[in-house]
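Q: Got a structure for you, questions after.
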There are 2 protein chains.
Amino acid sequence: MGRVVIDVMPKPEILDPQGKAVVGALPRLGFDVFTGVRQGKRFELEVTGEVTEEVLEQARRAAETLLSNPVIEDVVSVRDAAAAGAGA
Amino acid sequence: MGRVVIDVMPKPEILDPQGKAVVGALPRLGFDVFTGVRQGKRFELEVTGEVTEEVLEQARRAAETLLSNPVIEDVVSVRDAAAAGAGA
């Protein structure tokens, strides 16, 4: 079974109220080193077989059309979860 | 400026309604290879200096206390965005 990981983040120029809430709460809880927080989405898509180039191509198109809003969000990465350094 | 990336996913045994909605919508849009989807959160935390071990330790504690609900979510990874293979 293969798995594709897709990361979506709000565009830098877009206000991110969830990130703002987190960055305000961190120092109150004693975490004093962080100056900014952005909150985005992470998707894990399962396939029965291996993660082929065809699977990745479908995942890229799904990321741009269904999983993100291109007006306010960037697709940061689409990758095979099993690949070296996939951060999964 | 350094950046820490934190990934949080719903635990496997927890129902994920957003993921279910996505997996239902994918075939209707012509994406036919995916059998399951889970939706989680991705955080990017900025620090003014470098991402030291102290920064990562604060990020790990923040991930476990503020950024995830340990009853229903797993912290999948906490890493320096600049590190090789960080998937950022």
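The values are calculated or read from the model by the stated rules, or taken from the named source; none is laboratory data. Just so it is clear, the model here is predicted, and its values are computed rather than measured. Positions of Cβ are generated from backbone atoms using ideal geometry, with glycine treated the same way; all protein chains shown enter the neighbour counts. Surface areas here come from the heavy atoms of the whole protein model, side chains and all, with no ligands, DNA or RNA. Shrake-Rupley method; radii C 1.70, N 1.55, O 1.52, S 1.80 Å.
Q: Which ones in region A:34-69 are among the aliphatic types (A, V, I, L, M) and farther than 13 Å from residue B:33 by Cα?
A: A:37, A:63, A:66, A:67 - these are the residues of region A:34-69 that are among the aliphatic types (A, V, I, L, M) and farther than 13 Å from residue B:33 by Cα.
Q: Output yes when any residue across region B:43-56 is hydroxyl-bearing (Ser, Thr, Tyr) and in contact with an Asp or Glu (Cβ under 7 Å, 6 or more places away or on another chain), and no when none is.
A: No, region B:43-56 contains no residue that is hydroxyl-bearing (Ser, Thr, Tyr) and in contact with an Asp or Glu (Cβ under 7 Å, 6 or more places away or on another chain).
Q: Considering only residues that are closer than 19 Å to residue A:47 by Cα and either within 12 Å of the chain's Cα centre (by Cα) or in contact (Cβ under 8 Å) with a residue 60 or more places away in the chain (or both), look in region B:12-52 and name the one that is most open to solvent (accessible area, probe 1.4 Å).
A: It comes out as B:38.
Q: Which of the following residues is within 7 Å of chain A (Cβ to nearest Cβ) and charged (D, E, K, R): B:60, B:42, B:3, B:28?
A: B:42 is the lone residue from the list that is within 7 Å of chain A (Cβ to nearest Cβ) and charged (D, E, K, R).
Q: So residue B:82 passes all but one of these: (1) open to solvent by 50 Å² or more (accessible area, probe 1.4 Å); (2) at pLDDT 95 or above. Which condition number does it fail?
A: Evaluating residue B:82 over (1) open to solvent by 50 Å² or more (accessible area, probe 1.4 Å); (2) at pLDDT 95 or above leaves (2) as the failure.
Q: If you don't mind, there's one more thing I want to ask. Checking residue A:16 against (1) more than 7 Å from every other protein chain (Cβ to nearest Cβ); (2) out of contact with any Gly (no Cβ under 9 Å at 6 or more places or on another chain), which single condition isn't satisfied?
A: Here residue A:16 clears every test but (2).
Q: OK, next. Give the residues of region A:53-77 that are open to solvent by 30 Å² or more (accessible area, probe 1.4 Å) and without any contact (Cβ under 8 Å) to a residue 60 or more places away in the chain, sorted by residue number.
A: Of everything in region A:53-77, those that are open to solvent by 30 Å² or more (accessible area, probe 1.4 Å) and without any contact (Cβ under 8 Å) to a residue 60 or more places away in the chain turn out to be A:53, A:54, A:57, A:60, A:61, A:64, A:65, A:66, A:69, A:70, A:71.
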